[in-house]
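> Sharing a structure with you now.
Please treat every number below as a calculation from the coordinates, not as lab data. Owing to the predicted nature of the structure, the values given are computational and were not obtained by experimental measurement. Here the Cβ positions follow ideal geometry from the backbone for every residue, glycine too, while neighbour counts run over all protein chains shown.
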Amino acid sequence: MPSAKEKNDAVVGRAHGKSPDAIALLKADHRQVKGWFGDYEKARGEAKKAELARKICRALTIHTQIEEEIFYPAARKATGDDDLLDEAAVEHAAAKQLIAEIEAMSVGDELYDAKIKVLGEQIDHHVEEEEDELFPEVQNAKLDLAAIGEKLSARKAVLMGELAS
């Protein structure tokens, strides 16, 4: 749970045109996707489900890529926790596989809803480990989270633009 100061720093940073620190940015992504999974569970109608599934898959694709390209290498170097980061990489691979399967399907196909549900459960587990184990280790390692947050934010913007076209 972020402290009041961390929340304020993230809000102040955004208000002044700065990117939030790396952990604030990644946690915001987690909350956004968790909300969409919740919305999907309640959704009625194929169009709404399709829209939410697309948002979920797109957001997770971008999120995993920026973590793998920028955050995980910095975290590995700073913490030396190869076990935790290797597990995260395996979890990402499993999520990417499910995302590919979902993207190749249509709402209403057999197992479509089940795959979205399982993806959500996998992501919940992954987020819990990141937020309860990895993020505290990274914070204790005194990594420059503001600088990494800027890199994550910039890369995320580029990927969002690429996936939008």
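> Starting from 0.36 nm per residue, how many nanometres of slack lie between Lys96 and Ala157 once their C-alpha separation is accounted for?
20.0 nm
> What is the magnitude of the charge dipole of the chain about its Cα centre, with +1 placed on the Cβ of each Lys and Arg, -1 on the Cβ of each Asp and Glu, and no other charges, expressed in debye to the nearest 20?
Computed about the Cα centre, the dipole is about 1000 debye.
> Just from its helices, what would the mean residue ellipticity at 222 nm be for the chain, if runs of 4 or more DSSP H residues each count -39500 (n - 2.57) and the sum is divided by every residue, rounded to the nearest 500 deg cm²/dmol?
-25500 deg cm²/dmol
> From the convex hull of the Cα coordinates of the stretch 108-165, what is the mean projected area in square nanometres?
Answer in nm², one decimal: 5.8.
> Let me ask something additional. Find how many whole Å separate the alpha carbon centroid of the stretch 59-89 from the alpha carbon centroid of the stretch 129-160.
9 Å
> Same structure again: With the cut-off at 12 Å, report for the stretch 35-76 the share of all Cα pairs above it, as a whole percent.
Summing the P(r) tail past 12 Å for the stretch 35-76 gives 62 percent.
> Any idea how far apart Ala50 and Glu137 come out in nm if each label point goes 7 Å out from Cα toward Cβ?
Output for this residue pair reads 4.2 nm.
> Considering all alpha-carbon pairs of the stretch 33-164, what whole percent are spaced by more than 28 angstrom?
21 percent
> Something else about it: How far apart, in nanometres, would the label points at His125 and Asp83 be if each is projected 7 angstrom from Cα along the Cα-to-Cβ direction?
A separation of 1.7 nm, rounded to one decimal place.
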